[in-house]
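Throughout, read-outs are computed from the coordinates displayed, never taken from laboratory work. Keep in mind the model is a prediction, meaning the values are calculated, not measured. Note that we place each Cβ from the backbone using ideal geometry, even for glycine, and neighbour counts take in every protein chain shown.
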Amino acid sequence: MSNPDVVIIGAGHNGLTCACYLAEAGLKVLVLERLPVVGGAAVTEEFHPGFRNSVASYTVSLLNPKVIRDLKLADHGLVIKPRPASNFLPHLDGEGLLIHNSLEQTQAEFARLNAADAAALPAYYEMLEDVAQVLRELVLKTPPTPGGPLRQWLDVLGLSRRFGKLSPQRQRDLMGLFSKSAAEVLDQWFVDTRIKAAFAFDAVVGNFAAPSTPGSAYVLLHHVFGEVDGRSGAWGHAVGGMGAITQAMAARARELGVTIRTEAAVGSVMSSPGRCGGVVLAGGEEIRARAVAANVNPRLLYQRLISPEHLDADFLRSISGYRCGSGTFRMNVALSELPDFRCRPGSELQLHHQAGIVMGPTMEYLERAYLDARTDGWSREPVVEMLIPSTVDDTLAPPGQHVASLFCQHFAPELPSPRSWQEERLAAADHIIDTVNRWAPNFKASVLGRQVLSPADLEERFGLIGGDIFHGALGLDQLYSARPLLGHGAYRGPLAGLYHCGSGAHPGGGVTGAPGHNAAREIVRDLR
């Protein structure tokens, strides 16, 4: 494309979302992708002969319903199936704990462990939903910036009124979820350490922290504001894997006239003091544009793609302190049969096989996993979430066989010197399989093949600095107007014509499409 209005760096889901909205507004858009295929971390590929799976991101809930509708993703082949059950936490003794989609069934599960906790569950769910609804109202809004235009502050006024309509107790609940540890919040509701662990798991997913870490409660909240088929907090599977989402987005983008170039790595952003004018590809090709939207981690953008002499010294100091690193290790495995759990025997298909299977049975276990990683680099007893999407999508594996996603915490972004992930990635992968085998003794023997992604692999392949799946930690200092930095939370970078459209902007990580949606609105407003 010659003379595009906007160049987008990165064809991940937010970059494609942004491109679609810009093209609908009549702008000429060019999307540049370093890899041979679009999708960023939301891609599907064959990792073992006959076995396909989502490579990095692996489940659906946070994808915004407005984005799904506006981009006509269903018309372009996207089908999302809800999980038949929410989560299953196997135990080494007893039956384990199955979180159903039904409140009454989940209460019955809780009652086996603690009657008071079962009685508290409806009120806890109601509290989470009330607070999550406030968050849903925020995700498609542009955060205000100090000294910013009046229109931004009108949204804040609306938010203030919305907050004021909450009961005093709900206001306290909201403030607690934004500032406290998950352990502190859950201690107010539940007694049994196994029941608390079922919820605290969401607080450590992609978060290099323990349930007792201040601020971890927000990460729990961040994982429950989504929906599937209108059911709040539900999770689902994209038929064909997560690549089905980004392939549908790419199809819609091309339909709207967007040009997408793969194997087109951006080497630098063309910049001068105060201004951005386009990009230079790694091969030397210059592409000038009225605006550049970056769908990459903010530290990658400002520390690798923009010459430091064109950025303010205070800004450079602040961006160097932007916290990344989620302690995540990601694996895909091809299986000859389903896991046969000690607590719920049988390798024939059962309901718990269709849930998110979380090997993190107690609060104490979750705490130790983090402390181990802080001390030794990775956990002696890691937290492992296993999803078996082939139980609801038979396109992913041969008949009678299965694929499983293993999403594992905690594995430090950088190992203590002189160790490296290049040397230890396979040993860590073996350790993860041994860990699952403790709960399901047939698991290790059933593994036919595997795909291993350490934190370093996630950074090298997808640009996830420190393996950070969120493009930056979801701490109070890196949310809303302060994401990525205070003064640049309205999707505009420090150079005129430079925008943030990825998960390093509000509302943060997950496959939401919201940063791309919001950034496009601000770009259109500025260019007009």
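Give me, ordered by chain and number, the residues 5 or more places off MET359 or on other chains with an amide H under 5 Å from its own placed amide H.
VAL384, GLU385, MET386
Taking the simple approach of a point 7 Å from Cα along Cα-to-Cβ for both GLU263 and ASP434, what is their distance in nm?
4.1 nm
For each cysteine in the chain, check whether another cysteine's C-beta sits under 4.7 Å from its C-beta; list those where none does.
Singleton cysteines: CYS20, CYS276, CYS324, CYS343, CYS408.
Restricted to Cα positions, what overall size does the range 379-528 have along the principal axes? Three whole-Å values, descending.
Sorted largest first, the three principal extents are 60, 43, 24 Å.
Counting alpha carbon pairs within less than 8 Å and at least 6 residues apart, what relative contact order, in whole percent, applies to the range 303-436?
This gives 29 percent for the range 303-436.
What length, rounded to one decimal in nm, is gained on full extension from GLN105 through to ARG323, with 0.36 nm per residue of separation minus their alpha-carbon distance?
Result for the pair: 74.5 nm of gain on full extension.
Using the Karplus curve 6.51 cos²θ - 1.76 cosθ + 1.60 with θ = phi - 60°, work out ³J(HN,Hα) for each residue of the range 194-201 in order, rounded to whole Hz, and write x for Gly and Pro.
For the range 194-201, the Karplus curve yields 6, 5, 4, 5, 4, 9, 5, 3 Hz.
What is the magnitude of the charge dipole of the chain about its Cα centre, with +1 placed on the Cβ of each Lys and Arg, -1 on the Cβ of each Asp and Glu, and no other charges, expressed in debye to the nearest 20?
1480 debye
Nearest-5 percent of antiparallel DSSP beta bridges in the chain?
Antiparallel bridges make up about 70 percent of those DSSP assigns within the chain.
At what distance in angstrom do the alpha carbon centres of the range 125-203 and the range 424-464 lie from each other?
Between the Cα centres of the range 125-203 and the range 424-464 lies a distance of 35 Å.
Test of understanding: extend the Cα→C-beta vector of ALA313 to 7 Å, then name every residue of the range 262-280 with backbone N under 18 Å from that spot.
Within reach of a label on ALA313, which here means backbone N under 18 Å from a point 7 Å along Cα→Cβ, the range 262-280 contributes 273-274.
Take the alpha carbon atoms of the range 302-326, find their center, do the same for the range 483-515, and report the distance between the two centers in whole angstrom.
The two parts, judged by their Cα centres, are 14 Å apart.
Check which residues have an amide H placed less than 5 Å from GLY449's amide H, if you skip close sequence neighbours.
Result for GLY449 returns ALA334.
Sum up the charges of everything whose Cβ sits under 11 Å from the Cβ of TRP378, counting Lys and Arg as +1 and Asp and Glu as -1, but leave TRP378 out.
0
Net charge around GLY241, counting only other residues with Cβ within less than 11 Å of its Cβ (Lys, Arg = +1; Asp, Glu = -1)?
Result for the neighbourhood of GLY241: -2.
Report which label in (1) 25.4; (2) 32.4; (3) 23.4 holds the value of Kirkwood radius over Cα pairs in Å derived from the coordinates of this structure.
Computing Kirkwood radius over Cα pairs in Å and matching it to (1) 25.4; (2) 32.4; (3) 23.4 gives (3).
Under a Cβ-Cβ cut-off of 12 Å, what is the net charge of the residues other than ARG419 that fall near it, where Lys and Arg count +1 and Asp and Glu count -1?
-3
Given 0.36 nm per residue, what is the gain on full extension from LEU486 to ASP340 after removing their alpha carbon distance, in nm?
47.6 nm
Got the relative contact order for the range 133-251 handy, in percent, Cα pairs under 8 Å and 6 or more residues apart?
19 percent
Apply the Karplus curve 6.51 cos²θ - 1.76 cosθ + 1.60, θ = phi - 60°, to the phi angles in the range 77-83 and return the couplings in whole Hz, x for Gly and Pro.
Calculated HN-Hα couplings, in order: x, 6, 10, 10, 9, x, 5 Hz.
Hey, if you put +1 on the Cβ of every Lys and Arg and -1 on every Asp and Glu Cβ in the chain, which of PHE407, SER102, SER272 ends up farthest toward the positive end of that dipole?
Of the options given, the answer is SER272.
Given a Förster radius of 56 Å and the C-beta distance between GLU286 and GLU423 as r, what FRET efficiency does 1/(1 + (r/R0)^6) yield to the nearest 0.05?
FRET efficiency, GLU286 to GLU423: 0.90.
Under a 5 Å amide H to amide H cut-off, with H placed in plane at 1.01 Å, what residues pair with ARG492 once short-range neighbours are removed?
Amide H to amide H, under 5 Å and 5 or more residues apart or across chains, ARG492 pairs with HIS500.
At most 15 other C-beta atoms within 10 Å and a DSSP loop state: those are the exposed GluC sites (Glu not before Pro) I care about. Give me the longest piece of the chain that has none.
96-262
Each residue of the range 286-294 in turn: what ³J(HN,Hα) in whole Hz from Karplus with 6.51, -1.76, 1.60 and θ = phi - 60°, glycine and Pro shown as x?
Listing the rounded values in order: 9, 10, 8, 7, 6, 8, 10, 10, 9 Hz.
Where a ≥ b ≥ c are the square roots of the eigenvalues of the C-alpha gyration tensor, would you call the range 34-182 rounded, which needs a/c under 1.5, or, failing that, prolate if a/b is larger than b/c, or oblate?
oblate
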